[in-house]
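Only the coordinates and a few stated rules stand behind these numbers; no lab work does. Computed from a prediction, not measured in an experiment: that's the story for all the values here. Positions of Cβ are generated from backbone atoms using ideal geometry, with glycine treated the same way; all protein chains shown enter the neighbour counts.
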Amino acid sequence: MDLITCDPDLPKDVPLMRMATEGAAQRLGEFVCWSVLSLLRGARRIALQQVARDFTYFDGQSLATETTVGVMGLGHMGAQAAMMLRGLGFRVIGWSRSAKSVPGVEGFVGAEARDAFLARSNILVCLLPSTPETNGILAKPLFDALPQGAGLVNVGRGAHQKIDDIIAALDSGQLSGAVLDVFETEPLPADHLIWTHPKAIVTPHLASLPTRRERAEHVARAIAAHERGEALRNLYDHDRGY
């Protein structure tokens, strides 16, 4: 979506429909669960030890029931991810611009509640939309508000993160690990330091990527609905930025 909306010549009066397939929220929720469990269980370290043929034990990690996951952004996708994490036993809290009600998830609303939310987040998941207020939010001031050794998952937008701040936080131990699925420049340059960072897992923007069949069926249903005179769903709001 960002690659389209960044075009200054994009006409604002032409409806722009998001590729929100029926399975997108489920796919993203599964990816978030995998990411959080990967951070909790040291998946990056295990992968590096396998490459090195190193059978060294390391200390066990906390249980899901002892771990609080903070989800930033409780829209449809965020709410689905939060509920799936709850199903795995994680304690889940959420932060959003406006009040949201997600069963079993304690909500924090607005800028004034952000630091209290961050202070309790052992693993932070970013699912925010891209807006002037959220761009650049994943930076040193936010990381410093997290518990020492917190984990980070970004499946929101590449513009949310300041990658140099993430690397610095990983190096200092303020962040114990990160799973990054989105980047400000995509494809991620082959010589970027984050590719080989021992505490980072890099994935190529596929957290909620549907199959070609799903995409084709989604477009076909949308065209059919439009031809029947029905209102289009999942429209992009130019003013809100999502």
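General observations
- Distant-in-sequence amide H partners of SER176 (H built 1.01 Å from N, under 5 Å): GLY149, ALA150, GLY151
- For the stretch 1-52, the spread of Cα coordinates along the three principal axes comes to 54, 25, 15 Å, biggest extent given first.
- Size of charge dipole - the chain - debye, nearest 20, with Cβ of Lys, Arg +1 and Asp, Glu -1, no other charges: 660
- By the Cα gyration tensor, the stretch 115-220 has an equivalent ellipsoid whose semi-axes, rounded to whole angstrom, run 26, 17, 12 from largest to smallest.
- Annotation note: chymotrypsin sites (Phe, Trp or Tyr not before Pro) in the stretch 7-57 located in DSSP loop regions with a Cβ neighbour count of at most 15 within 10 Å are PHE55, TYR57.
- Taking the chain and dividing mean pair separation by its residue count, relative contact order in percent (alpha carbons under 8 Å, at least six apart): 21
- Rounded to whole numbers, the Karplus 3J(HN,Hα) couplings from phi for the stretch 49-65 are 5, 5, 4, 7, 6, 9, 9, 6, 6, 9, 4, x, 9, 5, 6, 4, 5 Hz, using 6.51 cos²θ - 1.76 cosθ + 1.60 with θ = phi - 60°, and x at Gly and Pro.
- For the stretch 6-47 versus the stretch 107-175, the gap between their alpha-carbon centres in whole angstrom: 17
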